[in-house]
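See structure below.
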Amino acid sequence: KRREEKRREEKRREEKRISLSVTIIVFIVPALNEIACEGETISFSCEVGTLKMDSVLYGRKDNITCPDSLISDTGCESIGAPDIVKDECDGNPSCSLKVDGQTLGADPCPSTYKYLEVSYHCEGLYEK
């Protein structure tokens with residue numbers, strides 16, 4: 001009887017040790033950046049995993065990116081474009097979008113040549 005109690009106690013200790021063993025794996029995923037000028041098509045893809053958009057800018061923040069003679073506003077940004085791009089691309093292994101107001105929603109700065117700038121990363125795995 002004593003031997004059996006000892007075995008049970010050892011088994012409980014072993015179970016506690018097993019249940020407290022936790023392995024944490026951290027993956028550092030680099031952000032990828034793509035820029036496409038108005039009228040172009042922008043494409044993103046993941047070799048492994050699916051797309052996750054981190055930030056999206058459709059409009060214009062400077063006069064250096066996508067230079068053009070039609071730049072009258074360097075401080076405009078579409079409010080709706082981030083949601084449109086995320087809805088279209090997040091969770092897919094690849095995505096392509098036309099950079100224009102028809103695809104990305106209301107024109108944030110009429111008569112200004114715009115661009116789409118996207119920062120994204122790939123996460124998880126997918127099956128083909």
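The values are calculated or read from the model by the stated rules, or taken from the named source; none is laboratory data. Quick caveat: nothing in here was measured; it's all calculated off a predicted structure. Methodologically, a virtual Cβ is constructed for each residue, glycine included, from the backbone with ideal geometry; neighbour enumeration extends over all protein chains shown. Each accessible area value is taken on the protein alone, full model and side chains, heavy atoms only, with ligands, DNA and RNA left out. Shrake-Rupley method; radii C 1.70, N 1.55, O 1.52, S 1.80 Å.
Computed packing ranks the peptides 53-59, 78-84 as 53-59, 78-84, most packed first, by mean other Cβ atoms within 10 Å. Phi angles across the range 48-62 convert, under the Karplus curve 6.51 cos²θ - 1.76 cosθ + 1.60 with θ = phi - 60°, into 3J(HN,Hα) values of 9, x, 10, 6, 9, 6, 9, 8, 9, 10, 10, x, 7, 10, 7 Hz, Gly and Pro given as x.
Solvent-accessible area of Ser72, all protein chains in place: 90 Å² (probe radius 1.4 Å, heavy atoms, ligands and nucleic acids excluded). With all protein chains in place and a 1.4 Å probe, the accessible surface of the range 22-120 carries 51 percent carbon and sulfur. Once backbone amide H atoms are built at 1.01 Å from N, Leu32 has Tyr120, His121 as its partners under 5 Å, excluding neighbours fewer than 5 places away on the same chain.
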